[in-house]
Amino acid sequence: MATLHSAPRFTLIDGLKETLSTALGGHLLDAHDEHGELLFTVRRDAIEDVLRILRDEHGYQQLMEIAGVDYPSREERFEVVYMLLSLTKNSRIMVKCTASEDTPVPTVTTLWPNAGWLEREVFDLYGVLFDGNTDLRRILTDYGFEGHPFRKDFPLTGYTELRYSEDEKRVVYEPVELAQDLRQFDFMSPWEGADYVLPGDEKADTPPVDDPKVTEKPSDTGAGAKADKEAAEKVSAGAPAEEETGKDAPPPPEPTEDREGRPARDGKTTDTAEATEPKDGKDA
């Protein structure tokens, strides 16, 4: 028997964009669908009001994630993305706003308590400030860490490294020293054509030999009657084993066991013809 649920398997986004855009009103800057999900860009100072409307009036009960994005070339380089889930509608939407290094984003810890940890993560990795978060401190990087590692202008190797010093019996921080320079890969397929010469391809530009070396007569190769005669001679000719000494070969050594006086073997033998014959006329 089929079971019917009140919640649909999924919510079609056709018409949903217009409904939510109307509800957000002047807070909305842009709305479009991408990869089957709706994305709303809203004003930064209205982010708390926007998320409250979506939670209380349109059933997006859960804040699943807060993520950061860095675009260094923009005036407001950061985007803060809020991912919402509606359990009753089985629908997901994303709401985002822009910010810079010195423009705080209003906190949404007043709506969802878990936003405190998520905002700390974006602050730690990108340096985005959240106004109203009373516990805005690093959550993933080490104590005393300088910089924000997810920014595009942060070096991949970082600025400092830590190790345990046996001399000082503690963890010490030092400038990064790489045993090997950081390698850069272009991930370009050589079959598609690279803008540099691959190892071994420099031989392709070598011109062919004008006068190749050839053999014009048999004597150049060493072949002929003299070579055939030498090939027919034995390699071991003249060796001591090939010379006649005039003496007979020594006889084989005497046996060390008297086989005639050996007692008969007890038990059945398995290597005689009787042992391989079928019993009672049937195959064994």
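The values are calculated or read from the model by the stated rules, or taken from the named source; none is laboratory data. Just so we're clear, the structure is a prediction, and the values are computed from it rather than from any experiment. FYI the Cβ positions are ideal-geometry reconstructions off the backbone, even for glycines, and counts take in every protein chain you see. Just the protein is used for accessible areas: all its heavy atoms, side chains included, with ligands, DNA and RNA removed. Shrake-Rupley method; radii C 1.70, N 1.55, O 1.52, S 1.80 Å.
What the table shows:
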read-out: So residue 123, is it modelled with pLDDT of 85 or more and touching a His at 6+ places or on another chain (Cβ under 9 Å); value: yes
read-out: Flag for residue 26 being without any contact (Cβ under 8 Å) to a residue 40 or more places away in the chain, open to solvent by less than 30 Å² (accessible area, probe 1.4 Å), in a helix (DSSP H, G or I) and out of contact with any Phe, Trp or Tyr (no Cβ under 6 Å at 6 or more places or on another chain); value: no
read-out: When residues of region 144-186 are limited to those that are within 30 Å of residue 76 (Cβ to Cβ) and among the aromatic types (Phe, Trp, Tyr), the one modelled with the highest pLDDT; value: 150
read-out: Pairs with Cβ under 7 Å, 6+ apart, first in region 61-78 and under 21 Å from residue 109 (Cβ atoms), second hydroxyl-bearing (Ser, Thr, Tyr) and not in a strand (DSSP E or B); value: 68/126; 78/100; 78/126
read-out: Residue in region 155-177 that is among the charged types (D, E, K, R), farther than 25 Å from residue 114 by Cα, open to solvent by 40 Å² or more (accessible area, probe 1.4 Å) and touching a residue at least 24 places away in the same chain (Cβ under 8 Å) present; value: no
read-out: Candidate set from region 220-260 (those that are modelled with pLDDT of 75 or more and not in a loop (DSSP other than H, G, I, E, B)); member that is least open to solvent (accessible area, probe 1.4 Å); value: 227
read-out: Options 57, 48, 18: the member that is in a helix (DSSP H, G or I) and under 40 Å from the mean Cα position of the chain (by Cα); value: 48
read-out: Subset of region 187-203 [open to solvent by less than 90 Å² (accessible area, probe 1.4 Å) and either modelled with pLDDT under 70 or within 25 Å of residue 141 (Cα to Cα) (or both)]; value: 188, 189, 190, 193, 194, 198
